[in-house]
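Single-structure report; data block below.
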Amino acid sequence: EHVLLAGCAAITAMCTANDANKQVAAQVFEEKGVIDDADEKPLHGAIFLLLDTLEAFPESVQLQTEAMAALRSLVVDDDTRKSECMPSALENREVLLSDKIYPKVRGIVENASKLASQPLKLTEQTLLLLREISRGQERIQELAKPKGLMMPYVRKALGSSEARLVRAALAVLRAFAFCEDVRDELSLSCETKGYVQAVRDHLGTPVVCEQGYGLLANLTLRNPAMASFLNDADHQVISLGQLVLDKHPDRPDVAKSVIQLLWSVSRQNPKALAEVRDAEMFVGLRKMVGEHQDQQRWHGAVEVARQFLREFREDDGVQRKAMYNEYY
């Protein structure tokens, strides 16, 4: 078991934020192409070895934790050096989502969630692996059943005092929200108040704020009624959004999620729009666009801010200059 633990730690260290290492370690490819049949797996392919390890030691909390972290390191697209081809991490994830492998991965996640001992890292890795396999309408519906194993597990983590667990739980719910049927359940007021409270409780943690506002923004997709009540006394997402933006001025990911939700709510709720104007948030957004419009890492946040400002005719001074082709 000690040898397996060392191997898992080594895979995690080598494959985190390194897409080339993910491809080599996973050994998903042979000369003839992608391996579709699990019976044809290479002898030392890390994905299959890790799955075998997780199944062989279902009661070992430490090995479950490290093997799950290693498996996740192979399927998370976290290498910032982007190439023109499809990242190996996404190809590895497709292996986990294949019809033959997915039931095994789901069983591993469910087994980990039932272990009596739940150290912080095990819970975090279980949730993050769950997030990675939450793809496709039918599978999300199965995973997100209210009386199933996973939703109570996610809700318990959401109420944790540990920011890492809250962030992981919000990430899972955000993945679940891509399924329209599940989104309706997650959009109930009794649920959304919990998401807002999670952000309030962990205001100083940028990843919690980003995931929380990103989840709420996803829930407003094609649901204007929800956007209209998100600034009531139980939610107050406008004032909270201002606090988040002030707390994390150097985080474009946080800014993008917050601005996206403020835009959605302002569209549906005149009082929310008035609050945005009274708080001079448009002034702050114009300043942000002016300061960061030439920085690539801020591109997403700047574009959302521009659209928000343009819709309400608050984009004086930050409009794009007209561009003409050579004909003109």
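The values are calculated or read from the model by the stated rules, or taken from the named source; none is laboratory data. No experiment lies behind these values; they were computed from the predicted model shown. Cβ coordinates were reconstructed from backbone atoms using ideal geometry, including for glycine residues, and neighbour counts include every protein chain displayed. For accessibility, only protein heavy atoms count, side chains too; no ligands or nucleic acids. Shrake-Rupley method; radii C 1.70, N 1.55, O 1.52, S 1.80 Å.
Of the residues contained in region 232-245, none is found to be within 30 Å of residue 296 (Cβ to Cβ) and of a type in the set (Asp, Glu). Residue 220: open to solvent by less than 10 Å² (accessible area, probe 1.4 Å), of a type in the set (Ser, Thr, Tyr) and within 18 Å of the chain's Cα centre (by Cα), yes or no? Taking the combined requirement at face value, the residue does not satisfy it.
Residue 131: touching a residue at least 40 places away in the same chain (Cβ under 8 Å) and either part of a helix (DSSP H, G or I) or in contact with a Gly (Cβ under 7 Å, 6 or more places away or on another chain) (or both), yes or no? Criteria met by residue 131. Among all positions in region 119-127, there is at least one residue which is outside any helix (DSSP H, G or I) and in contact with a Ser or Thr (Cβ under 9 Å, 6 or more places away or on another chain). Of everything in region 180-200 that is of a type in the set (Gly, Ala, Ser) and closer than 13 Å to residue 155 by Cα, the residue that is surrounded by the most Cβ atoms within 10 Å (Cβ to Cβ) is 198. Taking first residues from region 13-42 that are acidic (Asp, Glu) and partners that are at pLDDT 55 or above and open to solvent by less than 80 Å² (accessible area, probe 1.4 Å), the Cβ contacts under 7 Å between residues at least 6 apart in sequence or on separate chains come to 19/79; 19/87; 19/88; 19/89. The residues of region 268-304 that are of a type in the set (Val, Ile, Thr) and under 17 Å from residue 235 (Cβ atoms) amount to a single one, 276.
Within region 65-91, the set of residues being closer than 23 Å to residue 110 by Cβ and hydroxyl-bearing (Ser, Thr, Tyr) comprises 65, 73. Screening residue 249 on (1) crowded, with 20+ Cβ neighbours inside 10 Å; (2) outside any helix (DSSP H, G or I) shows it passes everything except condition (1).
Only residues that are in contact with a Lys or Arg (Cβ under 6 Å, 6 or more places away or on another chain) and within 13 Å of residue 262 (Cα to Cα) were counted across region 277-308, and they come to 2. In the condition set (1) open to solvent by 10 Å² or more (accessible area, probe 1.4 Å); (2) under 23 Å from residue 182 (Cβ atoms); (3) in a loop (DSSP other than H, G, I, E, B), residue 235 is compliant with all but (1).
Could you list all residues from region 85-99 that are of a type outside the set (D, E, K, R) and in a loop (DSSP other than H, G, I, E, B)?
Scanning region 85-99 gives 85, 86, 87, 97, 98.
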